Every structure is written in C-alpha cells, then in structure tokens.
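Chemist: There's a structure below that I have some questions on.
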Amino acid sequence: MLNEERIILMTKMASYEEHEGKQNMAIGNYFRSDYISLQIMKTVISATLTFAIVLGIIGFYHFETVMKEIYQVDLLEAGRRLLLAYVIFTGSYTFICYLVYSYRYNRAKKSLKKYYSHLQELSELYEEDRR
Amino acid sequence: MTNLLVLKEYLKGIYGKYEIYITPVEKFLLSLITLILINRKLGYMSRLNSMTIVLVAALLSSFLPMNFMVLLAALFILLHLYAFSLECAIVVLALFLVMFLMYFRFSSKDTVMVLLTPICCHLNIPFVMPLAAGLTGTPASAVSVGCGVIVYGVLEYISDSVSTLNSMDAESAMQKYRYVVDGLMNNKTVLVMVFAFAITVLVVYLIRRLSINHAWTIAIAVGALMSIAALLVGDLMLETNISILPNIIGAAISVAIVKFLQFFIFNVDYSRTEHVQFEDDEYYYYVKAVPKIAVAKPSKTVKKITSQKKDVTPPPRAVSSAVRKSDKSGLK
C-alpha cells in the first residue's frame, strides 16, 4: 500500500540529496581532521601558486633592474626576505581558510544530522507498515 | 499594492510550473548579453565576433552550470586580448588566475557576481551589485563584487589605451607590459570603487539583518547613501576626479532597480517544482512536487445577464423595503 506520509518524507529527503545535501554528504564522508587537512593542503598549493604568479609579474616588471643588480645584492638576505613574505602570506591565508572550512564542516554535520533523523523516522514508518 | 502582490503570486506560480524552461532561457540571455558586451568592448579577434559562435556559446551555457558561463566569458576576454597584445593577455590571465586561486576556488557560488558587476558598471548602474549582494549574500560577497570591479577596471583601461598601446613598437614588449601592469596596480578610480562597494555590501548586510521594521528598505537607502559618501571620501583622499553627479543619478536608478528586484525576486520564495525519483522494496516513485501558492488569486466569475421577462418579481431592493415597511407597521 502507498503511504502518503512516507512518500512526502521520501520526497523531501530526495530533494535534499539532490541539492544542498550533495555537498554536505561529500563533506560528511570525512572525519573532521581529514577534511580540514585535505583542504589546507589544497589551500597551501593555491597560495604557493598565487605567490609565484605575483612574484613573476613583479619580477618581470622590474626585469632590467633585477638583471643589473643581481650581482650586487646579497642573495641570501633577499632569499630570506622572500621566504618570510611567502610564510606570512601563506600562513595568514591558510588560517582564514582553516576558519572557513571548520565552519563548513560543522554546518554540514549539523545538516546531515537532521537528514539522518528523517531517515530514522522513515525506517520507523516502514516498521509500522510491516506490523 | 494588492495588484502587485497578486502579480507576484502569478509570477511565482508560473515560475514554479515552468522553472525547467525558464532557468535555461535566463542563463542563455545572460550569457548572450555578456558575450556581446565583451565583443563590443574588446572585439580584437574577428572570429569570435561572429554571431554564430556567440549563439553557440550562449546555448552551451544555457544548460551547463553557471560557472561555465564565467569560464567562457574569461576565455573570450583572453582570446580577444591575445589577438590584440600578448602582454595584455598575460597580465589579465595572471589576474584571473589569482582571483580563482585565492577566492573563487572555495566560493564558487559567487562567481556570477564577477560577471554581473562589470555588466552593471557598463550600463552605468554600478550600485545595483553591492546593494543586491548585501541583501542576498554574505559579507564575503564584498570580495566578489570587488573582483568584478577590478575586472571591469582593467578591461576599461585596456580598451581606453588601445591607441597608446598600438603606438608602442612591437619590439618594446617590456614597455607595453609595464604600461598594462601600471594600469592594473595604480588605477585609483578602481581602488576607490572597490572600497565604496565593499563598504556598501557590509552596511547593507548588517542593516538588513537587524530586527527592525522595513530593514531591507532602510538597508537599500542607507547603502546607496553610504556608497556615495564612500566615493566622495575616496575621491578626496586619492584625488581620482570621479564625477559625483552621474554617480548620484546612477545610485538613484540603482535603488529603484534593487527595490524592484527585492519585491519580485529577493523576498519571494520561488520554490521550484521538484522532480525526484526514488524507490523502496515495493515501488519506483517518480514524484513531481509542486509548491503550494500561499495567497489565493482572485477567481474570475462570469455573470450571465439575461433579458428580463415581463412578469418578473419586484427587484430585491423593493422587496426588502416592502418587508421593512410591513415590519414597521407590525411593530406599531
């Protein structure tokens, strides 16, 4: 027999699975630490690429000056400064991303909790029907 | 007002019913407008200017995700710039990559704002975007709108400097490159606009979340004033010579547009008709869930007026007055 209440619940759940649930379920498959460390790894790669692009643009802009002064500059000191700039840039960007991804993970888990409670409700409705 | 509310309900009903067709048409039109504007503004690669290619690209974006449209627009811009000057293409490619890597990688839903902001700027209604972003988005939308302004600023700068760039020798690639980077880094007008838009988004967002009556309307009005004030302050600080009067007019028009959008789009839950499929042990379910309409539409009633017969009973008014008279006489 078709149970109207069950169909409404299943429709709501299917709609959730198709829309916002899709992303939440992908996040929910991970443990918190796994998810955040994976995202941070991607973030560090992005930050490194961005730093390289900006450095390339600036370096090319001052190409002539760089070529002239390359033998007069203390390369070790310049390298140290560059490294410091990279660490500050990547560190601050990664910290912001850490906050964003932690918030996203918590939100996804909360949303999935509601979904699982609907699932429980659905299984109870099936049990009732069997009796 | 009631008529407008009824119209809104009608629109809601129509959207709920035909959402499956309306969304691709919307995407197609947005993509078409974007690509035509890019071709008009840049248009250095003659092959891309062909209407067939534009139509095919717009058709593709009508059924692909929204981000594809943004990718397509970026590709059109880069190809045009490549045809014009390799140096411009490299700088703009670097700019797009930085934007993608830093922001849009983890905020993919906001990418459409990068598309809409330059369009609004081009139509001289730039304040529509920060006001709309503040009403519908989060404080992070300020970054998206800012990126849109930067894209617009760079394209505007390049299209304005065509003659200067053309006058430079083909051999002086470095000079061209520096000229474009200078335009990107030292464009004070863009800086002031980004500052004004970011403040507007934040102010609108904060006010519309307050639990006061007419929060949205107050947010729009204060946001518009704030954006003009921020432009004035930025103009005074950086001496950009931004003409304020056209911006005031633009802000007034933007307020009207955003108010219209608020009434018909932002405040309406265009709950979509859902087509979902699932199964259990006994059945396969193919469900079409249609959203309920909250306010009843006025139903049309057809009144039939027939010609009067000769021996008709007296009209109701006469009857009631006759009854009243008899009642009064009875009382006496």
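The values are calculated or read from the model by the stated rules, or taken from the named source; none is laboratory data. The model shown is predicted, which means the values in this text are computed figures rather than measured ones. Counting neighbours? That spans all protein chains shown, and the Cβs are built from the backbone with ideal geometry, glycine included.
Chemist: Any chance you could count how many residues in the stretch B:79-109 are closer than 27 Å to B:A251 by Cβ and surrounded by fewer than 20 Cβ atoms within 10 Å (Cβ to Cβ)?
Modeler: Counting residues in the stretch B:79-109 that are closer than 27 Å to B:A251 by Cβ and surrounded by fewer than 20 Cβ atoms within 10 Å (Cβ to Cβ) gives 3.
Chemist: Of the conditions (1) away from every other protein chain (no Cβ under 12 Å); (2) surrounded by 11 or more Cβ atoms within 10 Å (Cβ to Cβ), A:V100 fails just one. Which one is it?
Modeler: A:V100 satisfies all of (1) away from every other protein chain (no Cβ under 12 Å); (2) surrounded by 11 or more Cβ atoms within 10 Å (Cβ to Cβ) except (1).
This table checks each residue for (1) outside any helix (DSSP H, G or I); (2) more than 14 Å from chain A (Cβ to nearest Cβ); (3) within 20 Å of B:Y205 (Cα to Cα).
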| residue | (1), (2), (3) |
| --- | --- |
| B:V98 | no, no, no |
| B:L101 | no, no, no |
| B:K109 | no, no, yes |
| B:V114 | no, yes, yes |
| B:L131 | no, yes, yes |
| B:G134 | no, yes, yes |
| B:V154 | no, no, no |
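Chemist: Within the stretch B:44-60, can one find any residue that is under 18 Å from the mean Cα position of the chain (by Cα) and surrounded by 16 or more Cβ atoms within 10 Å (Cβ to Cβ)?
Modeler: Taking the stretch B:44-60 first, the residues under 18 Å from the mean Cα position of the chain (by Cα) are B:58.
Subset that is surrounded by 16 or more Cβ atoms within 10 Å (Cβ to Cβ): B:58.
Yes, that holds for at least one residue.
Chemist: Can you name every residue in the stretch A:1-18 that is free of Cβ contacts under 8 Å to residues at least 40 places away in the same chain and either polar (S, T, N, Q) or more than 9 Å from every other protein chain (Cβ to nearest Cβ) (or both)?
Modeler: Hits for the stretch A:1-18 are A:E4, A:T11, A:S15.
Chemist: Name the residues in the stretch A:94-125 that are of a type outside the set (A, V, I, L, M, F, W, C) and within 13 Å of the chain's Cα centre (by Cα), would you?
Modeler: Here is the first cut: in the stretch A:94-125, the residues of a type outside the set (A, V, I, L, M, F, W, C) are A:94, A:98, A:101-107, A:109-111, A:113-118, A:120-121, A:123-124.
A:T94, A:Y98, A:Y101, A:S102, A:Y103, A:R104, A:Y105, A:N106, A:R107, listed by residue number.
Chemist: Moving on to the next point. Which of the residues spanning the stretch B:110-119 are modelled with pLDDT under 85 and either buried (at least 19 other Cβ atoms within 10 Å of the Cβ) or assigned by TED's automatic domain parsing to the domain that holds B:L71 (or both)? Walk me through it before giving the result.
Modeler: Going through the stretch B:110-119, the residues modelled with pLDDT under 85 turn out to be B:110-112.
Residues satisfying the conditions are B:D110, B:T111.
Chemist: Separate question: What number of residues in the stretch B:55-99 are free of Cβ contacts under 8 Å to residues at least 12 places away in the same chain and touching a helix residue (DSSP H, G or I) at 6+ places or on another chain (Cβ under 7 Å)? Before the answer, list the steps.
Modeler: If we filter the stretch B:55-99 for residues that are free of Cβ contacts under 8 Å to residues at least 12 places away in the same chain, which is where we start, we get B:56, B:64-65, B:68, B:71, B:75, B:89, B:94, B:97-98.
Imposing the further condition that a residue be touching a helix residue (DSSP H, G or I) at 6+ places or on another chain (Cβ under 7 Å) reduces the set to B:68, B:89, B:94, B:97-98.
Final tally of qualifying residues: 5.
Chemist: Also, quick follow-up: Considering only residues of the stretch A:41-53 that are surrounded by fewer than 16 Cβ atoms within 10 Å (Cβ to Cβ) and of a type outside the set (D, E, K, R), which is farthest from the other protein chains (Cβ to nearest Cβ)? I'd like the intermediate steps shown before the answer.
Modeler: Step one: filter the stretch A:41-53 for residues surrounded by fewer than 16 Cβ atoms within 10 Å (Cβ to Cβ), giving A:41-42, A:44-45, A:48-49, A:52.
Filter once more, keeping what is of a type outside the set (D, E, K, R): A:41, A:44-45, A:48-49, A:52.
Values: A:M41: 13, A:V44: 11, A:I45: 9, A:T48: 9, A:L49: 6, A:A52: 10 Å.
So, considering only residues that are surrounded by fewer than 16 Cβ atoms within 10 Å (Cβ to Cβ) and of a type outside the set (D, E, K, R), the one farthest from the other protein chains (Cβ to nearest Cβ) is A:M41.
Chemist: Name the residue, out of B:A251, B:A219, B:A215, that is small (G, A, S), closer than 24 Å to B:V143 by Cα and modelled with pLDDT of 90 or more.
Modeler: Working: B:A251 fails: modelled with pLDDT of 90 or more; B:A215 fails: modelled with pLDDT of 90 or more.
Of the residues listed, the single one that is small (G, A, S), closer than 24 Å to B:V143 by Cα and modelled with pLDDT of 90 or more is B:A219.
Chemist: Sticking with this structure for a sec: Identify, please: which residue in the stretch B:1-27 is more than 22 Å from B:H275 (Cβ to Cβ) and without any contact (Cβ under 8 Å) to a residue 40 or more places away in the chain and is, among those, surrounded by the fewest Cβ atoms within 10 Å (Cβ to Cβ)? If you could, list the steps in order and put the result at the bottom.
Modeler: First, the residues of the stretch B:1-27 that are more than 22 Å from B:H275 (Cβ to Cβ): B:1-10.
Subsequent filtering for residues that are without any contact (Cβ under 8 Å) to a residue 40 or more places away in the chain retains B:1-3, B:7.
On the way: B:M1: 5, B:T2: 8, B:N3: 8, B:L7: 13.
The residue in question is B:M1.
Yes/no matrix, rows are residues, columns are (1) in the same structural domain as B:S141 (by TED's automatic domain parsing); (2) in contact with a Cys (Cβ under 8 Å, 6 or more places away or on another chain); (3) closer than 30 Å to A:Y61 by Cβ; (4) free of Cβ contacts under 8 Å to residues at least 60 places away in the same chain:
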position: B:Y177; (1), (2), (3), (4): yes, no, yes, no
position: B:L191; (1), (2), (3), (4): yes, no, yes, yes
position: B:R209; (1), (2), (3), (4): yes, no, no, yes
position: B:N241; (1), (2), (3), (4): yes, no, yes, yes
position: B:I253; (1), (2), (3), (4): yes, no, no, no
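Chemist: Do we find that A:T90 is within 11 Å of chain B (Cβ to nearest Cβ), polar (S, T, N, Q), part of a helix (DSSP H, G or I) and closer than 29 Å to B:V92 by Cβ in this structure? Explain how you work it out, then say what you get.
Modeler: On the way: within 11 Å of chain B (Cβ to nearest Cβ): no; polar (S, T, N, Q): yes; part of a helix (DSSP H, G or I): yes; closer than 29 Å to B:V92 by Cβ: yes.
When the stated conditions are applied, A:T90 does not pass them.
Chemist: Of everything in the stretch B:182-216 that's among the hydroxyl-bearing types (S, T, Y) and outside any loop (DSSP other than H, G, I, E, B), which residue is nearest to B:A230 (Cα to Cα)?
Modeler: Step one: filter the stretch B:182-216 for residues among the hydroxyl-bearing types (S, T, Y), giving B:189, B:200, B:205, B:211.
Cutting the leftovers down to outside any loop (DSSP other than H, G, I, E, B) gives us B:189, B:200, B:205.
Values: B:T189: 12, B:T200: 8, B:Y205: 16 Å.
Only one residue tops the list, namely B:T200.
Chemist: Still on this structure, I have one more. Given the conditions (1) part of a loop (DSSP other than H, G, I, E, B); (2) within 14 Å of chain A (Cβ to nearest Cβ), and given that B:K176 satisfies all but one, which numbered condition is not satisfied?
Modeler: Of everything listed in (1) part of a loop (DSSP other than H, G, I, E, B); (2) within 14 Å of chain A (Cβ to nearest Cβ), B:K176 misses just condition (1).
Chemist: Right, here's the next one. May I ask you to list the residues in the stretch A:108-131 that are without any contact (Cβ under 8 Å) to a residue 24 or more places away in the chain and more than 12 Å from chain B (Cβ to nearest Cβ)?
Modeler: Going residue by residue through the stretch A:108-131, those that are without any contact (Cβ under 8 Å) to a residue 24 or more places away in the chain are A:110, A:113-114, A:116-117, A:120, A:123-124, A:127-128, A:130-131.
Those that are without any contact (Cβ under 8 Å) to a residue 24 or more places away in the chain and more than 12 Å from chain B (Cβ to nearest Cβ): A:K110, A:K113, A:K114, A:Y116, A:S117, A:Q120, A:E124, A:E127, A:E128, A:R131.
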